Amino acid sequence: MSVKEKKVELIELFYDLIYVYAISNMTLLLEKPEEGILTGDMFATYIVASMVIIQAWLYMTNYINRYCTWRWYEYTLVVLNMSAAIFMSNTITSSWAEAGFTFEVAMMIMIGCVAALYMIQVYVQKQDTTVAKHTLEILFLILAIYVISMILTLVGYTEEALMVNTFNIILGMLLPFIKKGEYDLKIVSFPHLVERLELLTIITFGEGIVGITVFFDIREATLTPMLTFLILIFMFGTYVCQVHYLCNHHQVTNPNKMTWSHYLIIIAVNLVTVAFLYFHSEEADHLFTAGLMIGSIAAFYIALFSTSWYYHPEFERTWKDIGVMMLFIAIGALVIFGFMDSPYGFLVGSAIATGGNFFYLWRKYTSNRCINVIHTV
């Protein structure tokens, strides 16, 4: 079965710039700890904000991946979607309820643009429209709920509207995976989708780089900035090795597992950035910061290894991979918690957890590649 190839266009890269700003707003939600820790309300707000940003990005990205041929109406609706996305990004604050009406209108415009694009595809019927009709059912339901929450906001029930919005965001994330429609997988360009997910992840790592610049003080000569940078390099290197090299992009397959994993990957990378900010803050509780870092690293690698489903045939998914991953994370945790009074304990432990996994995966890739080269010769 031939794989659908699709080039990532420049306007898609421009589209992603909106989400550079949106992702930076996500990090700001957690930037300042309350009483030294990240409270439950702060964390819940962050998770919901992450869901809505990734969800909004995926709605348009999935349409582009499946149907887009870049007609004039597609450019127009993508630009309108981008404008609404900026408004949506500005509503993501700790006092989210105050911006409820703007958020609801922005989401209705964004989802409406995507729904309009799918409706056009159903009308022209130049490709299999099964997935378009299935997606429209989901989008119309989500739109209807946003109309309800907007009415609640207008009549003064802001708290109730916030609850409805939260429910709708979670529902919008789950429905594409729960309400599965039967459609021809050839309509999905898996290489294009993975490349788009990689670009969004790179943007998230970019926010991490911005976060650690606070350690690069030209007046002080310490190992701290280099260690923080090395930890992010190890995480990024592991991501590239796993998703870019070990996974087979050129296949006709269901992309849901790859998409799901990136929800958690992006959230975890942002939480690592927050852990670095807390590590730099005198207000943050050291024990909580250590737990946040090791928990975020563990979440990142669990999500990353879940993409093993898409490995090239020559790379085997084994329990050894999981065991080694958990071993390095456990050793890193022991160092972090064992040397709580030393700032280098936090950094060295994190470097062990991330570096160990990077070198293990890199060896898995290079050793199998060398074996294949020998067999080919």
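Readers should treat all values here as calculations from the given coordinates under stated rules, not as data from a laboratory. It should be emphasised that the depicted structure is a prediction, and the values quoted were computed from it without experimental measurement. Because the Cβ atoms are built from the backbone with ideal geometry, glycine has one as well, and the counts that use them run over all protein chains shown.
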Inset, instruction - Taking the Cβ of each residue in M107, M42 as the centre, tally the other Cβ atoms inside 10 Å and list the residues starting with the fewest. - result: M42, M107
Legend entry - Whether region 1-187 is rounded, prolate or oblate, judged on the alpha carbon gyration tensor where a/c under 1.5 counts as rounded: prolate
Legend entry - Relative packing of peptides 293-301, 2-10 - highest average C-beta neighbours within 10 Å first: 293-301, 2-10
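Tell me, what is the percent relative contact order of the chain, built from C-alpha pairs under 8 Å that lie six or more residues apart?
On the way: 451 pairs, mean separation 71.4, N = 377.
It rounds to 19 percent for the chain.
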Inset, instruction - Kindly provide the helix-only [θ] at 222 nm of the chain, computed as the sum of -39,500 (n - 2.57) over DSSP H runs of four or more divided by all residues, to the nearest 500 deg cm²/dmol? - result: -25500 deg cm²/dmol
Legend entry - Ordering of 50-63, 247-260 by packing [mean C-beta count within 10 Å, highest first]: 50-63, 247-260
Inset, instruction - Would you give the gap between the C-alpha center of region 238-315 and the C-alpha center of region 325-353, rounded to a whole Å? - result: 18
Legend entry - Order by protection proxy (mean Cβ within 10 Å, highest first), peptides 261-270, 198-207, 348-357: 348-357, 261-270, 198-207
Inset, instruction - Work out which helices of the chain, taken as complete DSSP H runs, extend at least 20 Å along their axis over the Cα atoms and score a mean Kyte-Doolittle of 1.6 or more, then list them. - result: 100-124, 130-154, 224-239, 286-305, 319-338
Inset, instruction - Hand me the tally of lysine pairs in the chain: alpha carbons under 18 angstrom apart, and the pair either on different chains or 8 or more positions apart. - result: 13
Inset, instruction - Enumerate the amide H contacts of Y311 below 5 Å, restricted to partners 5 or more residues apart or on another chain; note that Pro and chain-start residues carry no placed amide H. - result: N248
Legend entry - Placed amide H near I37: partners under 5 Å, 5+ positions off or other chain: D285
